[in-house]
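The values are calculated or read from the model by the stated rules, or taken from the named source; none is laboratory data. Just so it is clear, the model here is predicted, and its values are computed rather than measured. Heads up, the Cβs are rebuilt from the backbone with ideal geometry, glycines too, and the neighbour counts pull from every protein chain shown. Heavy atoms of the whole protein, side chains included, go into the accessibility calculation; ligands, DNA and RNA do not. Shrake-Rupley method; radii C 1.70, N 1.55, O 1.52, S 1.80 Å.
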Amino acid sequence: MSDNLIIFDTTLRDGEQSPGASMTKDEKLRIARQLERLRVDVIEAGFAASSNGDFECVRTIASHIKDSTVCSLARANDRDISRAAEALKPAARARIHTFIATSELHMQKKLRMTADEVFEQAKLSVRFARNLCDDVEFSPEDGYRSDPDFLCRVLEAVIKEGATTLNIPDTVGYAVPELYGQFIRNLRERIPNSDKAIWSVHCHNDLGMAVANSLAGVTIGGARQVECTINGLGERAGNCSLEEVVMAVKTRRDYFGLNLRVDASQIVPASRLVAQTTGFVVQPNKAVVGANAFAHASGIHQDGVLKARDTYEIMRAEDVGWSANKIVLGKLSGRNAFKQRLQELGIETESEADINAAFARFKDLADRKSDIFDEDIIALMGDESVTSEAEHYRLLSLSQHSETGERPHARVVFAAGTQEHHAEADGNGPVDASLKAIESKVQSGAELLLYSVNAITSGSTESQGEVTVRLQLGGRVVNGVGADPDIIVASAKAYLAALNKLQSKGERVAAQG
Ligand code: KIV
Ligand code: ZN
């Protein structure tokens, strides 16, 4: 059995299924590029047949990513598989990932198909996919709750049809580590041609055991691919978290004895980018990527770490990409210094015109904020509510008045396509007044589900505020993120970013529907 563990990232597909985490094509491409820098083996870029938008996302990522395999999900039918193959055409290395549910519950209640019909469809779909692509992954959805005898029959058949990876999802996060590991081991032992494919684990985190289950699937079950997401992003309690699996395998190499291709120093930048893009903030005590993951507060711990780091540290913060908040640039920094910092941060720009536009925004920020940190630059580059001409709604200016004992009032000027709107409103506070002013013109009717503010660089009131706004309209949930030293402006940007997402994302087929 191989000593290499394949890291299959599904942040852009399963992670994006999390309500509110939907991303635009540009955002997905930016994350895909960071995943490539992180050197993940496989990037699941989306579900090409679910919507024209997702098709475009997969195709765009397939044409830009060269160093990781690019994969599209497809239900087990010819149309989905053809769409996936079409979207993946530009890829240097492509994979089609086809799936069908195999548990009694899903077959009867959801698919309304007999076991024999599911068996035939799985076989034919893998055969069809293999005619279009050499690299085909098959997943029996709700695999862990499926009858092992039936699963053996299906998996043996799809290997014969040429499936190169077999993935066993714990779709509802029901497994416990030892049993999940044994479940996979049992399948591998019973299926005569099991050594012809790579086995993979895909665990959801409903009982908080996704990472433990995935690792048991590797150690006990013999799986050599782990499916995971940055920050554990995903529906409900999320997916197996990439950073935790990677650092467990690297830190305890003595136990796992497995090699990874991943460049761990890109973990924190990836985590920040995903959090900033989706608005799903990382809890401070989250392993590896939480703000407190390497902070030693108690006197005894601080004393120990100063004397010898390994008294209380099992990993080095810099090895996973943490860098101390450094003042990197300021008001007097020139275009070349800015451009070089973008390169050092791995932020790619399409053209010199893009750099000029970004530099203008940087100068604007530096006029209002004396010290510019890496985190500020990353937020600046990701802020499309004001940067992208392609965005429908864009903030042009905002002024507000609030005084003790008086009702706050806001005036907002924003663009909607080529039209300029001037809006005014009162509110309970200046944020409320600003969002009400925008809504008075847009009249989206969206319900505000979440409003949260975070400091981009902690420890100072000079930090930029990063605001996340979650809106719901007609069953769709979207997040918008905005950053600015003025949190009222950041709030207006976040609200407009969420409205842009509501406007741009069309209807899509649910991946597990
Ligand atoms: O959780 C799941 O079952 C999935 C499959 C589509 C692989 O995400
Ligand atoms: Zn899943």
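Principal-axis analysis of the Cα atoms of the chain puts helix 210-219 at an angle of about 40° to the longest axis. Let a ≥ b ≥ c be the square roots of the eigenvalues of the Cα gyration tensor of region 336-379; is it rounded (a/c under 1.5), or, if not, prolate (a/b larger than b/c) or oblate? Note, shape of region 336-379 comes out oblate. Spatially, region 95-123 and region 136-165 are offset by 10 Å when compared through their Cα centroids.
Give, as a single signed number, the net charge of other residues whose beta carbon lies under 10 Å from the beta carbon of GLY321, with Lys and Arg counted +1 and Asp and Glu -1. Neighbourhood net charge equals -3. Does region 346-470 come out rounded, prolate or oblate by the C-alpha gyration tensor, with a ≥ b ≥ c the root eigenvalues, rounded set by a/c under 1.5 and, if not, prolate when a/b is larger than b/c and oblate if not? Since a/c reaches 1.5 but b/c is at least a/b, the shape of region 346-470 is classed as oblate. Each stretch of four or more DSSP H residues adds -39500 (n - 2.57); spread over every residue of the chain, this sum gives -12000 deg cm²/dmol at 222 nm. With the whole protein complex present, LYS363 retains an accessible surface near 70 Å², based on a 1.4 Å probe.
With a 1.4 Å probe rolled over the protein heavy atoms of all chains, the accessible area of TYR495, TYR312 falls in the order TYR312, TYR495, largest first. With a ≥ b ≥ c the root eigenvalues of the C-alpha gyration tensor of the chain, is it rounded (a/c under 1.5), prolate (a/b larger than b/c) or oblate? Because a/c hits 1.5 or more and a/b exceeds b/c, the chain counts as prolate. Solvent-accessible surface (1.4 Å probe) assigned to LEU179 amounts to roughly 90 Å².
Close amide H partners of MET315, meaning residues 5 or more places away or on another chain with modelled amide H under 5 Å apart, do not exist here.
Candidate cross-link partners of LYS307 among the lysines, defined by an alpha-carbon separation under 30 Å and a same-chain spacing of 8 or more, comprise LYS250, LYS286, LYS326.
Each other residue within a Cβ distance under 14 Å of HIS401 adds +1 if Lys or Arg and -1 if Asp or Glu, for a net charge of -4.
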